[in-house]
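Asks: Handing you this structure, nothing more for now.
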Amino acid sequence: NSVLRKVLSQLEDILAEMKNDVNRLPVAMSKIPTVTERLQMTERNILNRLLAARNMENGDKAASTIIPGVNPAPPIVYSSPPTSTNIGSSVTPGMKIQPKPISNPGA
């Protein structure tokens, strides 16, 4: 009987912690910059880049899905390749992702 009370007390403590976390969540979420702010791109340029990447994977011409009136953004080259430890990880709030410029020897 005392073991049940102890377990119940621990569960109540955990539930109280979870409620506090949920109450703090809206404030924490409001501090996270939007995707467009973090990438420093417009929504339209983000869509163009996603469509171009999908078409390159499929072997299609990337220009066929470019949204009219918008110049596609250059591809992002990161200074270090993704590793199993950083794939799918979240970006630290306030962290800006800076793309590395691509040198174009043919231009």
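Asks: State to the nearest 20 debye the size of the charge dipole of segment 9-58 about its Cα centre, where the only charges are +1 on K and R beta carbons and -1 on D and E beta carbons.
Replies: Numbers: 7 positive and 7 negative charges, 83 e Å.
Taking the Cα centre of segment 9-58 as origin, the dipole is about 400 debye.
Asks: Here's another thing I want to ask about it. Sorting check: for 48-55, 1-8, which peptide has the highest mean count of neighbouring beta carbons within 10 Å, and how do the rest follow?
Replies: Final packing ranking: 48-55, 1-8.
Asks: Describe numerically, in nm with one decimal, the distance between label points set 7 Å from Cα along Cα→Cβ at ARG38 and at LEU4.
Replies: 4.7 nm
Asks: Mean projection of the alpha-carbon convex hull of segment 16-59 over all orientations, in nm²? Please list the in-between numbers first.
Replies: Values: hull surface 18.9 nm².
Over every viewing direction, the Cα hull of segment 16-59 projects on average to 4.7 nm².
Asks: What is the sum of charges around GLU43, taking Lys and Arg as +1, Asp and Glu as -1, for the other residues whose C-beta is under 13 Å from the C-beta of GLU43? Provide the component values of the computation, followed by the final result.
Replies: Details: positive: ARG38, ARG44, ARG49; negative: GLU37.
That sum, taken over residues with Cβ under 13 Å, equals +2.
Every number here is computed from the coordinates shown, using simple stated rules; none is lab data. Fair warning: this is a prediction, and the values are worked out from it, not measured in the lab. Note that we place each Cβ from the backbone using ideal geometry, even for glycine, and neighbour counts take in every protein chain shown.
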